[in-house]
Each structure stands twice: as structure tokens, then as C-alpha cells.
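Down below is the structure, laid out as C-alpha cells.
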Amino acid sequence: MTEKKLTIALAGNANVGKSVIFNQLTGLHQHIGNWPGKTVEKAEGTLHFKGYTIDIIDLPGIYSLSTFSIEELVSREYIAVERPDLVVNIVDASVLERNLFFTLQLMELGTPMVMALNQIDMAEKKGIRIDHEKLQKILGIPVVPTVAIKGKGVYELLERSVEIIEKGRINPPVAKYGEEVEKRIKEITKLIEKIPFKYPARWAAIKILEGDEQVEKEIREISPEILSTMKRLAKEIEGIHGHSCSTVITSERYEAAGRIAREVQQIVPKVRPPMSETLHTITTHKILGYPVMVLVILSIFQSIFTFGDYTSELLSNLLYGWEPLSEGLLGTGIVKDIVWGGIAEGIIAGVTIALPYIAPFYLILYLLEDSGYLSRIAFLMDTLMHKIGLHGKAFIPLMLGYGCNVPACLGCRIMETERERLLAGFVTTLIPCAARTVIILGLVGAFLGFQWALALYVIDLLIIFLLGRLAFKALPGEPTALIMEMHDYRVPHLKTVGKQAWFRLEEFIKISFPLIIVGSLAIKLIEVVNLLDPIANVLSPVTVSWLGLPAITGITLIFGVLRKELTLIMLATLLGTTDFAQVLTPSQMIVFALVAMLYIPCIATIAALVKEFGSKKALFITVFEIIFAILVGGIASRILSFLRIF
Amino acid sequence: MKLPLTALKDGESGIITSVEANPGRGGGRGWGFQKRLMDMGLTPGTKITVAKSAPFRGPIEVHVRGSRLALGRGMAERIFVEMTK
């Protein structure tokens, strides 16, 4: 007998423990991808339960079903049009009112629903008690109390879900609006029912009254007359209430949520504030907050690089140990050169980045996110980020950029709109990643002194600020201000965090490895057919005449596209010495480091840009940064010789 | 007395009277901006408490409907409240 298939979607606010429930339900049978055509993550998993094969879709964490963010659009499109068999609404018991606001919207979509009243333990710690049976009665849907991180209630949640699907019950819409609003919702619903429309009629009617641009557009395409009738009805409501219709609807919905919340919850304030409150006070403190943040970030980078450098070398030695074996198999001719020097070294380059640096990086990032600290960092850094037209959340990908630009680029997804993602993505590629730090410290820092290395960082920050501002002015659209919930600090669920980090690592490997290998192979081929010197000569107008560098640096800069620190390693190989002071003048060192720092990070970052923003924008950013780096390098070279500092 | 939210000191509360989407200084997001605030629970008639403000004209932390939000200053300036004691 083949099993019957069911689809269940998980929906809820951000940080309510949705991914933990998703993990508890699906275990290892997960697949993380993107929603078609969108850079929004789609997590899917399957499980078998009572003769059913159940597909679980983890929708993004959102607060409403408006058109504000791509996540909201994706979620509502999925529930309204693709219609899962059931929606499990996951609710944070300690912030019941806000969560119920979303619940009421979900119910308007008319899909069968079950509620998971999650984190009841944390709510109780805050002195909040919820009568879930009463809540269930008011809403008319099953309410299952859960403590997801301990797995409590998850089985029952599943049981009730299947029960509801089998019964085939549709929930009655509970969010009754005021009489004058309700009357007009009904009128519009009737109008919509007459036309072939993909959305549920009552939901679409409410959205029209909320002034929803997308639903309006779709109705206009079918029947402009109906839309103008609807607009008239909306105006009538505005006349009655003296607020915009969208405000009226949202207010009434929140009123309903508040009413329900007050009816079912009892709040007994605790005499002593819980630990999480004290932590919050310290980490967002006007003065203390900043040193704490700097300390946290520095110690993270310090420990990742210490761990990374050690393991990277270990791995590298281990993997290079296989070289004699390849010689044994392929001889020492061209074939071995290409297979080993091209393909194998490409893989080694990838592995020695991914495992030692990227994996711990992601792990710590998700630990910080899940615990709640990232939102506090965003709070502290908001003012600074506004200078380049972004809000506080953008600091997170920027910070990541100092480690590696690839996760930083992918991390720009936390921004709400496409415009901000692009802006943040562009800025992150200018952040000197670990590999570029190697060049700056290994060349300028080691031979000219630390103050010159520091100067380069300062120049880079100025450039980021300048270009960020320019891009901010040039991009159409308007900046979004920060509105962010700061949920209570909590102990992260290690398994969920581990899985998230693992999926990210997998993504990193998928994006960067093919290109690193192909790139490495291409460069090896160029070397084998003796094209290095001709290329260096072709580039010499730029490298020698404009930048004032030795011709050989042209080659190293090309290699740097694979991995930035290769520029330095190659330079040593080609010049035959690691004492760069013998072969480069101080100003040449600075120009070289400057160019290496600014021109497009590396091939893996380009791949990440393509994935996030499409090949056109990626190409534009790449070409722009190459030209820009050369420009800045040339100008620096002239300024340095004019000033005669060295 | 109608005041912008930013006029409240740390610890003070008010009832939201209106959210001005476009106070004529540019940079407003019109519908989207207002809708976003509403969706986060900042509807007229709601009690809002300022917990603290970040330095350098940074965002403010507010408590509203039992949850804690960070609001960018530009946004907070356009939320008007009636002071309560």
C-alpha cells in the first residue's frame, strides 16, 4: 500500500522556536533550498506518521502577511495559493498578543490550523500563565502547549494535526471586525467570489481594505470596475473612523488579539528579574554595551583564527602528503601538473578554507543569533549603519565579511528589501576578509610597520563609507528604518544551531568549490602553456606604468582571484624570496596591498554575488571594483611618490 | 499634549495617537512604513513605554503589547504620543 501524502506548513513570528520544532519533526530528512526565483530560504523535510508521508515546509519567521518583506510575500503566496493541508502556527507563549495578531491573519486564509503554544517554560519564568484550553475554545482550533527544545508536546502536535486533516474541518474566521467594517468586508467578498481569483475571497477582501498593493494589482488586471467599487468602500470606512482604512483594520485585529490574550493569560510579575533581563540591560547599555560587544567580537575572531590557522595547516600538510602518490600514478609530466596542480590544489584550497574557518564561523554566528545577541548588536550599531543608508541589522553581514566575504554576502538576506540586500552585499565585498588581512599584515604590516597596516584599514573604512553612500544615493527606492523585535535571551538549541551551520557550510561548498577548482585549473593551464609572461606583458601598462609595480605582480593579482592570500605566496615564489623589502619599495608594497585589498574579493565571492543578486549585478560589481582598485592604486602610487615619505 | 515618541525620557509611557507617514522631510516610506509599524503593534490607542535610547541619536528600545522592540530614531520621530503618568 502506498502511503498517503500530506503537506504541513510551519508558520510563526521570528524566534518562536519554529526551526527547533521543524528539526524535532523531521530529524535528518531535510532539504534546504530557495523558494523559486527568490533568495528566501525554503526548508523542507519529510516524516512518516500513522500511514502518512508528511511533507513539512518551514516558512520564514514573519510578523504579518503584508507586502513589506520578501519573506512575507513568499509565505502568504504559499499558504493562499499552494494551499498546504494544514498550517501549524507556532506561537511564543511569552509574547502572546503579538503572536495572536499573526494567528488571526493566518486564520483569515481559511487553511485548517493547529497552534503550538511554544516556550511555555520561558513564559512561566516571566510569570505568564496561559489557559490553553480556553484559548483553544476561543479560537476554535486545537492548541498544543509545547517546549520544543525539550521535545515536549511535539508528538501531540503531530497527532492533532493529522486528526484535523482527517476530519477535513475548515476554521470559522474568528477575527470579527467592527460592524461597519465587517459589512464592507462581506460586500467585497461577494464581489471577489464572482471573479476567478486565486486567493481566498474573504482574505483578499480584507487585504484590499488594508490597501495591499499586490492584491489590488491582481484585481485590477481582472476587473478595474470592481476595484474602484472596493476603493469607494474603503474610503467610507476612512470617513467613519478618521484613520486610514489599513490602520483601522490592523488596529481592530490587534484589539482582537489583545482581548483574547487578556482573557487567557495571567501575569504575575516576578520580584527578581530573570537572568535574561540582566543580560539584556548590560548588552544594550549606553556605555557598557559597546566594550562588551567589541570584546565578544574580538574574542570570536581570535578564537576562530587560532583554531583555523592550526587546523588549516594540519589539513594542508595532510592533503599535500598525497602529492608523491599522484606522481607515482601520473608521473612528473604535464598530466600530473594539471591534475595535481590544477584540480587537486583547487580542492585543497577549498577544503582548507571551508572546514577550519567557515564551519566554526557559522556555528558561532548561529549560536549568537539563536541566543538573541545579534539583535542587540544591531541595536547598538544602527546609528553607524545609517550613515551608509542601511540599518543596524546590516552590521551582521559586514562583521562576517572580516572573516570571509562569501558568508557575508549570503548573510545579507537578513535585510528586508531587495534594495538593502544589494547595498549590503556590495559593501561587504569591500570588507577586508581574513585572506586580505594576511596580505596587509604579511606585507605592509611586517615590512613597514603596524601603523601602515592600520592606515590601510582606515583607508578601507573610508572607502566603504564613501562608496556605500554613493551606492545608497544611486540606488532607487528609499531606506528602511530599523524595526526589530529583541526577544528574550535564551539558551540556544545546539542541535538546531548545528544543523543550520551545517546547511550553510554545504551551501558554501556548493557555491565556491566548482569555481575554485575551475579557476585553479585554468590558471594551471595558462602556466603549462607558458602564457604567464605574455600575460604579464599585456598587463604591464596597468601594473608597471600606472601602478608602478613590477610586471610580475600582474600574474599574482590574477591568481589572487582564486584566493587572495595566494597573491602573496605567488609573489614570493615568482620573485624567489620572502624578503619582500629586497624586491619591492615601500610604496610598491602599499600600492600592491591596496589593490589586492580592493579588487573583487575572490572567485567564490563572485559566485555568491551571482547566486544572491544575479549575474548582471555580480558582473557590474566585479568590473567596478577591479577598475576602482586600479584607479585607487595608481592615485596612491602618485601621492606616495609626490610626498616622498619613503 | 501631542509629542513625538522621541520626546519621552527613558521609563516614560504614552498612548500612540498617530503615525505620520510623510512629515514632509523626505525619506518616508508612505504606506509601507506605516503598515510596518501597525503590523508590529504600534496602532493608535496603544500604550508604549520607552525603555532606553541608544547613544549618538541611535534607536530606542520600546515596550509595546508585551514585547520589546528596537525602533530606528527616524521612525520614532514620526510616532506621536499622548503622555501618560
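No lab work stands behind these numbers, since they all come straight from the coordinates. Bear in mind that the values here come from a model prediction, so they are computed numbers and not experimental data. Glycine also receives a Cβ, built like all others from the backbone with ideal geometry; neighbour counts cover every protein chain displayed.
Mind checking the dipole of chain A: about its Cα centre, +1 per Lys or Arg Cβ, -1 per Asp or Glu Cβ, Debye to the nearest 20? Don't jump to the answer; show the numbers that get you there.
On the way: 62 positive and 63 negative charges, 171 e Å.
Dipole of chain A, to the nearest 20 debye: 820 debye.
Enumerate the lysines that A:LYS137 could reach by cross-link, defined here as Cα to Cα under 18 Å, with residues fewer than 8 away along the same chain left out.
Once the sequence-local lysines are set aside, what remains near A:LYS137 is A:LYS167, A:LYS176.
State to the nearest 20 debye the size of the charge dipole of the range A:179-267 about its Cα centre, where the only charges are +1 on K and R beta carbons and -1 on D and E beta carbons. Don't jump to the answer; show the numbers that get you there.
Working: 16 positive and 17 negative charges, 36 e Å.
It comes to approximately 180 debye.
Checking a compactness column here: for the range A:179-267, what do you get for Rg(Cα) / (2.2 N^0.38 Å), N being the number of residues?
Values: Rg = 14.4 Å, N = 89, 2.2 N^0.38 = 12.1 Å.
For the range A:179-267, the normalised Cα radius of gyration is 1.19.
Please order A:ILE627, A:ILE300, A:ILE606 by the number of other Cβ within 10 Å, starting at the fewest.
Values: A:ILE627 11, A:ILE300 18, A:ILE606 26.
Listed from fewest to most nearby Cβ atoms, that is A:ILE627, A:ILE300, A:ILE606.
Tell me the relative contact order for chain A as a rounded percent, counting alpha carbon contacts under 8 Å between residues six or more apart.
Details: 926 pairs, mean separation 68.5, N = 646.
Normalised by residue count, the contact order of chain A is 11 percent.
With a point put 7 Å past each Cα toward its Cβ, work out how far A:LEU470 is from A:GLU156 in nm, to one decimal.
Going from the A:LEU470 label point to the A:GLU156 one covers 6.1 nm.
List the pairs from A:LYS125/B:LYS9; A:LYS393/A:LYS473; A:LYS134/A:LYS186 whose alpha-carbon separation is above 21 Å, in the order I gave them.
On the way: A:LYS125/B:LYS9 29 Å; A:LYS393/A:LYS473 19 Å; A:LYS134/A:LYS186 28 Å.
Beyond 21 Å between Cα atoms: A:LYS125/B:LYS9; A:LYS134/A:LYS186.
Quick check on chain B: take the gyration tensor over C-alpha atoms, sort the square-rooted eigenvalues as a ≥ b ≥ c, and tell me if it's rounded (a/c under 1.5), prolate or oblate.
Details: a/c = 1.42, a/b = 1.24, b/c = 1.14.
It comes out rounded by the Cα gyration axes.
Using 0.36 nm times the number of residues separating A:GLN451 and A:ILE635, minus their current alpha carbon distance, what extension gain do you get?
Numbers: separation 184, 0.36 × 184 = 66.24 nm, distance 2.04 nm.
Gain in length upon complete extension: 64.2 nm.
With the Cα gyration tensor of the range A:416-507 giving a ≥ b ≥ c as the square roots of its eigenvalues, does the rule (a/c under 1.5 for rounded; else a/b larger than b/c for prolate; else oblate) give rounded, prolate or oblate?
Numbers: a/c = 2.34, a/b = 1.27, b/c = 1.85.
In terms of gyration-tensor shape, oblate.
Rg to Rh ratio, the range A:1-70, alpha-carbon atoms and Kirkwood radius?
Working: Rg = 13.3 Å, Rh = 13.1 Å.
Dividing the radius of gyration by the Kirkwood radius yields 1.01.
Largest first and to the nearest Å, give the Cα extent of the range A:107-159 along each principal axis.
Sorted from largest, the Cα extents of the range A:107-159 read 34, 22, 17 Å.
Rounded to the nearest whole Å³, what is the per residue volume of the convex hull around the Cα atoms of the range A:519-646? Please list the in-between numbers first.
On the way: hull volume 13.1 nm³, N = 128.
Once divided by residue count, the hull of the range A:519-646 is 102 Å³.
Just check the range A:462-527 against the gyration tensor rule for me: Cα atoms, a ≥ b ≥ c as the square roots of the eigenvalues, rounded for a/c under 1.5, and otherwise prolate or oblate depending on whether a/b exceeds b/c.
Numbers: a/c = 3.45, a/b = 1.17, b/c = 2.94.
Note, shape of the range A:462-527 comes out oblate.
Which entries of A:LYS152/A:LYS510; A:LYS231/A:LYS611; A:LYS207/B:LYS47 have Cα-Cα distances beyond 28 Å here? Walk me through the numbers before you get to the answer.
Working: A:LYS152/A:LYS510 35 Å; A:LYS231/A:LYS611 40 Å; A:LYS207/B:LYS47 26 Å.
Check vs 28 Å cut-off fails for A:LYS152/A:LYS510; A:LYS231/A:LYS611.
Determine, at each q value in 0.07 (inverse angstroms), the log₁₀ of I(q)/I(0) that the Debye formula gives when each Cα of the protein assembly as shown is one equal point scatterer.
Here the Debye-derived log intensity ratios amount to -0.56.
Using the membrane-span-like helix rule (whole DSSP H runs, Cα extent along the own axis of at least 27 Å, mean Kyte-Doolittle hydropathy at least 0.5), which helices of chain A qualify? Let's see the in-between values first.
On the way: long enough: A:245-264 (29 Å, -0.17); A:289-320 (45 Å, 1.07); A:450-474 (36 Å, 1.68); A:494-528 (48 Å, 0.88); A:615-643 (41 Å, 1.64).
Helices meeting the span and hydropathy rule in chain A are A:289-320, A:450-474, A:494-528, A:615-643.
Taking the Cα-to-Cβ direction at A:GLU124 and at A:GLN582 and moving 7 Å from each Cα, how far apart do the two end points lie in nm?
Modelled inter-label distance: 7.3 nm.
Give me the extension gain from A:GLU193 to A:GLU77: residue separation times 0.36 nm, minus the current Cα-Cα distance, reported in nm with one decimal. Before the final figure, lay out each step's value.
Numbers: separation 116, 0.36 × 116 = 41.76 nm, distance 1.86 nm.
Extra length from A:GLU193 to A:GLU77 when fully extended: 39.9 nm.
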